[in-house]
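The values are calculated or read from the model by the stated rules, or taken from the named source; none is laboratory data. Here the structure is a predicted model, which means the values were calculated and not measured. Virtual Cβ from ideal backbone geometry, glycine too; neighbours counted across all protein chains shown.
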Amino acid sequence: MQTIPIERINMNDRRFCISYPLQDDALLSSIRMEGVIQPLLILDKQPHTIVSGFKRIEAAKELGFTDIPCFVMDMDYKKAMQASIHSNLGRVLNIIEKAYCVDKLFTMDFSEEEISGVMSMISLGFYEKIIKRMRALANAENFVKDFVLQKNMTMQNVEKLLGFADHEIKDITEMLNRIHTTESMMREILQMLSIMKLKYGNIDFSAIKGMNNIYDLKRSLKYSINPILSGLEEDLSEIKNKCALPPSIDIKVDPFFEKEYIDIRIRANGPEEVKGALLKINSILDAGYIRSIFGLTTY
Amino acid sequence: MGLQPIEFVETKGDIVRNCPGTKHHICCGYKTIDLVEGCILSCSYCILKEYINTPNIKINSDIPYILSQISEAIDAEKTHILRFGTGELSDSLAIDRRYRLNQPLVEFFGETKKAILELKSKWAQIDHLTPFLNPYIVISFSLAPQRIIDKEEKRTSPLYKRLKALRKAQESGCFVGLHLDPVIIYDGFEKDYEYLIGDIGRIIDLKRVLWVSLGLLRFPPKLFNRFLDENRKNLLYGEFVRGEDGKYRYVKKERVRIYGMLYNLLKEQEKDLFIYLCMERKDIWRSVTGMTPEDNEALMGLFDSRIKTLYGGIL
C-alpha cells in the first residue's frame with residue numbers, strides 16, 4: 001500500500017466506475033472523522049486510473065485531502081473491471097449501479113458466460129430484454145438516473161420511462177419530481193402518457209405541466225385518453241348532485257358503465273330511518289333522476 | 001410462410017369442446033374441434049399468442065378419433081342443430097392445402113347430414129376443397145378493411161381474395177359466413193367499413209349467407225401492454241374499459257353506436273341477413289338488433305331457426 005497524491009490520480013477516467021451517485025454523505029462524515037481507512041485500488045500507470053474507490057476519493061477531495069492510501073496494481077482492463085465489480089459486491093447495488101455493471105461488461109467484450117455469471121450475482125436474469133433495459137439506463141442522462149433513484153422506480157417503470165423521447169423524459173421527470181407518487185401511481189401515469197402519445201402522436205405537456213397534485217394529473221390525463229368515460233362520470237356526478245343524497249344513501253354505478261344494474265345502499269338505524277331513506281329514494285325516482293342514471297349504463 | 005415447425009400429435013381426450021365463450025356475455029353455443037393448434041398467420045391482435053405457449057403448430061392426426069368425438073357430440077345433442085368449427089385454436093384453411101386436414105371432416109359432415117361444419121379463415125385458398133364441398137359446410141371469412149389487413153393481419157390474404165373465395169364457395173353450393181370480427185376503431189374506420197360492406201354486397205350473394213357475426217375488438221389485459229410496446233396505434237385508438245369478464249373492450253356507448261352502424265349498413269344490403277353479436281351483453285343485443293336473447297340457450301335457438309329457414313327440412 002502507498003500514499004499517493006490525489007493530483008496524480010485521473011479522477012475523470014471512470015471506465016471502471018460502477019458507483020452512482022458518487023456523492024455519499026455517510027461516507028463523507030466517516031472520512032471526515034477517521035480518514036480513508038480502506039485504500040483505493042488503482043492501476044500502475046501515469047496518471048493512475050482508479051479501479052475501485054471512486055466515492056472515497058470524491059469525498060477525500062471534497063474534504064481537502066491532498067493524498068490518499070492506495071493499492072497500486074498491474075492488471076489488464078478485464079481483470080480491473082472484474083476487480084471493480086467484485087469489490088462492490090459486499091454492499092447492495094442500486095439499479096443504476098447494476099446497469100453500469102451490465103453495460104461496462106458488454107462494452108469491454110466480456111464473454112456471454114462471464115456476463116451471465118455477474119448478472120446472476122447481482123440478481124439479474126441474463127435475458128435480452130433485461131440487458132437492453134439496463135444498457136439504456138446506464139447510458140441515460142444523469143437527471144434520469146437521479147429521478148429513477150429518487151423515486152425508487154421498478155425496472156418495469158424505468159422501461160416505460162425510457163420508451164419516451166429525450167425531450168419528453170425531461171418534461172415527465174420535471175413534472176413528476178414535484179408530485180408524490182407511489183409505484184403503482186407512477187405506472188398508471190406513465191401508461192396514460194404512453195397511450196396519449198400513441199393516440200395523438202405527442203403529449204400536450206402545456207395542459208399538465210403546472211399540476212402539483214397526482215389526482216388532478218390523473219383526472220386530466222384520463223379526460224384526454226378516455227373522453228367518453230370521463231363524460232359519463234361527469235354526468236353521473238351532476239345527477240347525483242341534483243339528487244342531494246344524504247350520507248345514509250348511496251347510489252353506485254359500475255365504474256366502467258358496463259353493468260346494466262345500479263346498487264342503491266341505505267344505512268339505517270331503525271325503521272324510521274329506513275322510511276325516511278325510502279321517501280328520499282321515491283322523490284328522486286319521481287324526479288326522473290334514477291332513470292337518468294340508468295340512461296348512462298343502458299342504451 | 002411455413003417457418004414454424006409442424007408437429008403431428010395424436011391427442012386423446014376432449015378434442016371436441018364447447019367454445020369457451022366469456023363470462024357475463026351471451027355466447028352462441030358453438031362446438032370447437034382442436035384439429036390444429038397454432039397459426040402461421042400473424043395477426044397483431046391474436047389472443048392465441050397468450051394462450052399457446054409454443055411456436056410449434058400441432059396437427060392432430062388421429063382423424064378417426066376426432067370423427068368419433070364429433071359423432072358422440074351430435075348424438076348427445078337432442079335440442080339444437082350443432083355448429084362445429086376448427087378455427088378456435090388456429091386458422092381453418094391456412095395450412096390446409098398442404099396438409100389436407102379438413103377433407104375427411106368435410107366428407108364426414110356431408111355424409112352425416114346432421115350438423116354444420118364451419119371453416120373460418122383469413123387465408124383465401126379453397127380450390128383444393130371445392131370438389132368435396134357440400135351444403136353442410138360453411139366457408140367463412142373474417143373480413144376487415146384492407147387498411148387493417150395491411151397493418152394488423154400480416155401474412156393473411158387480401159380482402160378481394162377473401163371475397164372471391166367466398167363467392168367461389170357459394171358457386172360450389174355452400175352457404176357462407178361472414179365475420180366482421182374484430183372490428184377496430186381507428187381514424188376513419190366508419191367510412192372504410194361502409195365501403196367494405198358495399199363490396200360485400202356487390203361480390204357475394206347475400207341471400208346465401210348463413211350468418212354474419214359482429215365483434216368489436218376485445219382482448220385480455222396482457223395484450224394491452226403488448227400493443228403499447230409495439231406501438232399499435234390502430235388497436236389502442238379507441239377508448240377501452242375492463243369488461244365484467246376482465247377483458248378490455250371499447251366503452252359500451254361506443255360499442256352500441258358502432259354495432260348499430262354496422263347492423264344497419266348490412267341490413268340495408270339485405271334485410272333478411274342473420275346478424276349476431278359475438279360475446280356481447282344482453283342490453284347491447286337489445287338496442288342494436290331489437291332481439292333480446294336472454295341467455296346462450298336462447299341464442300342457440302335463433303341459430304336453429306336461421307338454419308331451418310335456409311336448409312328447409314334437410315337438417
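Take the conditions on the phi < 0 side of the Ramachandran plot and not in a helix (DSSP H, G or I) and apply them to B:D199. Does it pass?
So B:D199 fails the test.
Quick test for you: out of A:S237, A:S220, A:S206, pick the one residue that is part of a helix (DSSP H, G or I) and not assigned by TED's automatic domain parsing to the domain that holds A:I169.
Among A:S237, A:S220, A:S206, only A:S237 is part of a helix (DSSP H, G or I) and not assigned by TED's automatic domain parsing to the domain that holds A:I169.
Tell me, which helices (runs of 4 or more DSSP H) lie completely within segment A:33-151 with 3 or more residues that are within 30 Å of A:N177 (Cβ to Cβ) and among the β-branched types (V, I, T)?
Because the criterion is at least 3 residues that are within 30 Å of A:N177 (Cβ to Cβ) and among the β-branched types (V, I, T), the helices (runs of 4 or more DSSP H) in segment A:33-151 that meet it are A:95-107.
Can you name the residue in segment B:34-46 that is hydrophobic (A, V, I, L, M, F, W, C) and under 17 Å from B:G85 (Cα atoms) and, of all such residues, is surrounded by the fewest Cβ atoms within 10 Å (Cβ to Cβ)?
Applying the filter and picking the extreme gives B:C39.
Which of the residues spanning segment A:113-127 are acidic (D, E) and under 25 Å from A:R14 (Cβ atoms)?
A:E114 - this is the single residue of segment A:113-127 that is acidic (D, E) and under 25 Å from A:R14 (Cβ atoms).
Just the residues that are in contact (Cβ under 8 Å) with a residue 60 or more places away in the chain and either of a type in the set (D, E, K, R) or farther than 21 Å from A:Y299 by Cα (or both), please, taken from segment B:299-315.
Selection gives B:M300, B:G301, B:F303, B:D304, B:R306, B:I307, B:K308, B:L310, B:Y311, B:I314, B:L315.
I need a count of the residues in segment B:243-280 that are farther than 18 Å from A:L229 by Cα, within 12 Å of chain A (Cβ to nearest Cβ) and crowded, with 20+ Cβ neighbours inside 10 Å.
Final tally of qualifying residues: 2.
From the list A:T49, A:T107, which one is under 30 Å from A:K151 (Cβ atoms) and of a type in the set (S, T, Y)?
A:T107
Tell me which of these A:M155 doesn't satisfy, since it passes every other one: (1) of a type outside the set (D, E); (2) touching a residue at least 60 places away in the same chain (Cβ under 8 Å); (3) away from chain B (no Cβ under 11 Å); (4) under 30 Å from A:Y289 (Cβ atoms).
In the conditions (1) of a type outside the set (D, E); (2) touching a residue at least 60 places away in the same chain (Cβ under 8 Å); (3) away from chain B (no Cβ under 11 Å); (4) under 30 Å from A:Y289 (Cβ atoms), A:M155 misses (4) alone.
Yes or no, residue by residue, for (1) exposed (fewer than 14 other Cβ atoms within 10 Å of the Cβ); (2) over 41 Å from the mean Cα position of the chain (by Cα):
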site: A:E233; (1), (2): no, no
site: A:L236; (1), (2): no, no
site: A:N241; (1), (2): yes, no
site: A:I249; (1), (2): no, no
site: A:E258; (1), (2): no, no
site: A:Y261; (1), (2): yes, no
site: A:R265; (1), (2): yes, no
site: A:K280; (1), (2): no, yes
site: A:S283; (1), (2): yes, yes
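For every residue, the table says whether it meets (1) within 14 Å of chain B (Cβ to nearest Cβ); (2) within 30 Å of B:R232 (Cα to Cα); (3) of a type in the set (G, A, S).
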site	(1), (2), (3)
A:K209	no, yes, no
A:N213	no, no, no
A:R219	no, yes, no
A:I239	no, no, no
A:I251	no, no, no
A:K259	yes, yes, no
A:I264	no, no, no
A:E272	no, no, no
A:K275	no, no, no
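Any residue in segment A:85-98 that is among the β-branched types (V, I, T) sitting within a Cβ distance under 8 Å of a residue that is in a loop (DSSP other than H, G, I, E, B)? List the pairs, counting only those 6 or more apart or interchain.
Filtered contacts from segment A:85-98: A:I85/A:I18; A:I95/A:M153; A:I96/A:Y20.
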